[in-house]
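Data block below; observations after.
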Amino acid sequence: MAKFIALDIAFQLARALGPVLSQVALHDRDLAGQLRRAGTSAPSCMSEGAQRAGKDRLHLYRTAGGSAAEVRTQLKVAVAWGYVDESVAAPVIELADRLVGIVWRLTHPRR
């Protein structure tokens, strides 16, 4: 079975997000809930998309990319509001950025 790097990165993002969620939840349960949902959506949609074809696949990949972008933004908000230290959030944001980039390439192939 071929390795699907985008899905691996989505799982890395979910793992890295776990400890940060706990910190955010201490300050803002709503933001933590949004992060949890977006962090769950990225690998879920990548996995489901890998099993689909055509427009279904692209739609799910775009949704995964949107969820990763949402994680990135929500973490930047958490840092801005002092819920999480930037040094803690930076590696998670980097994974989210990486997934967004890979999904962009999956959904916008070079012609």
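Structure above, values below:
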| item | result |
| --- | --- |
| Residue list for region 29-40, restricted to those being surrounded by fewer than 16 Cβ atoms within 10 Å (Cβ to Cβ) and under 17 Å from Leu7 (Cα atoms) | Arg37, Thr40 |
| Filter result for the condition that a residue is closer than 27 Å to Leu21 by Cα and in contact with a helix residue (DSSP H, G or I) (Cβ under 7 Å, 6 or more places away or on another chain), over Ala90, Ala64 | Ala64 |
| Which listed residue is in contact (Cβ under 8 Å) with a residue 40 or more places away in the chain, farther than 15 Å from Val103 by Cβ and open to solvent by 10 Å² or more (accessible area, probe 1.4 Å), from Leu26, Leu17 | Leu26 |
| Condition check for Leu99: of a type in the set (A, V, I, L, M) and without any contact (Cβ under 8 Å) to a residue 24 or more places away in the chain | no |
| Residue match in region 19-39 (condition: under 10 Å from the mean Cα position of the chain (by Cα) and among the hydroxyl-bearing types (Ser, Thr, Tyr)) | no |
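Residue by residue, here is whether (1) buried (at least 16 other Cβ atoms within 10 Å of the Cβ); (2) over 15 Å from the mean Cα position of the chain (by Cα) holds:
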{"residue": "Ala42", "(1), (2)": "yes, no"}
{"residue": "Gln51", "(1), (2)": "no, yes"}
{"residue": "Arg57", "(1), (2)": "yes, yes"}
{"residue": "Arg62", "(1), (2)": "yes, no"}
{"residue": "Val71", "(1), (2)": "yes, no"}
{"residue": "Asp85", "(1), (2)": "no, yes"}
{"residue": "Ile93", "(1), (2)": "yes, no"}
{"residue": "Ala96", "(1), (2)": "yes, no"}
{"residue": "Val100", "(1), (2)": "yes, no"}
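The values are calculated or read from the model by the stated rules, or taken from the named source; none is laboratory data. Just so we're clear, the structure is a prediction, and the values are computed from it rather than from any experiment. Heads up, the Cβs are rebuilt from the backbone with ideal geometry, glycines too, and the neighbour counts pull from every protein chain shown. Keep in mind that these areas ignore ligands, DNA and RNA; they rest on the heavy atoms of the full protein, side chains included. Shrake-Rupley method; radii C 1.70, N 1.55, O 1.52, S 1.80 Å.
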